[in-house]
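Derivation of every value follows stated rules applied to the coordinates shown; laboratory data play no part. These figures come from a predicted structure and were not determined experimentally. All Cβ positions, glycine included, derive from the backbone under ideal geometry; neighbour counts span all protein chains shown.
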Amino acid sequence: MSSDFEGYEQDFAVLTAEITSKITRVPRLPPDEKKQMVANVEKQLEEAKELLEQMDLEVREIPPQSRGMYSNRMRSYKQEMGKLETDFKRSRIAYSDEVRNELLGDDGNSSENQRAHLLDNTERLERSSRRLEAGYQIAVETEQIGQEMLENLSHDREKIQRARDRLRETDANLGKSSRVLTGMLRRIIAGSWCLCDSMTTQIQAPSPHLKWEGGLHRGGAVL
């Protein structure tokens, strides 16, 4: 897989070198050749973008432990691609100014001022685009963080609900145990009272043996 990436790297290096050479030649070419050169550079820039996409796909397939080096190289290539596009825009602006000057007969000072103004506007647009991209990235990251927080809250809610269910079950079991113990205590108390009543009755009743001994005594006395 790394061999495929290195092959794309070589193609990208050759292609960007050709683009750089052509961009520097655009302002010095005659109008007809300039138009053709601009079209050619646009086509090659698209080819370079496609190579970057292929390289990016290859990097994603590389194992994480070996991906860092290739990711750094990809960032460098993307920066180089951005610089090429900026240089190409500037060369096209210079080409457009020159064509307009030929058609309208503007003097050199006016052309330079207009070129500087257009370059300044281009840079402002690029800065605004970068800020928008950064804002979008922050929004995406914020959305991801919010989603993770919602998932964590959902998990916590489920845990709390399970804890409440276990607490209710424990309360129910304690209630059943309390009723069982109360019934047992009542039966023990009732049995104790029955035993006390029985013992009291036996103590209060007269003994037949004592009555018999009394009868004999009285008979002896009579005799």
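Quick notes
- Sorting the segments 64-75, 170-181 by their mean number of nearby beta carbons within 10 angstrom, highest to lowest, gives 64-75, 170-181.
- FRET efficiency for the Leu150 to Arg187 pair, using the beta carbon distance and R₀ = 41 Å, is estimated at 0.15.
- Near Asp165: Cβ cut-off under 14 Å, other residues only, Lys/Arg at +1 and Asp/Glu at -1. The net charge is +3.
- With a Förster radius of 45 Å applied to the beta-carbon distance between Glu85 and Glu158, the computed FRET efficiency rounds to 0.35.
- The length gained on full extension between Leu174 and Glu42, counted as 0.36 nm times the residue separation minus their Cα-Cα distance, comes to 39.4 nm.
- Full extension of the segment from Asp4 to Arg127, taken as 0.36 nm per residue of separation minus the current Cα-Cα distance, would add 40.8 nm.
- Cβ-placed point charges (K, R +1; D, E -1), dipole of the stretch 2-106 about Cα centre in debye, nearest 20: 380
- By other beta-carbon atoms within 10 Å, ranking Ile19, Ile160, Ile62 with the fewest at the front produces Ile160, Ile62, Ile19.
- For the stretch 2-106, convex hull volume per residue from C-alpha positions, Å³: 80
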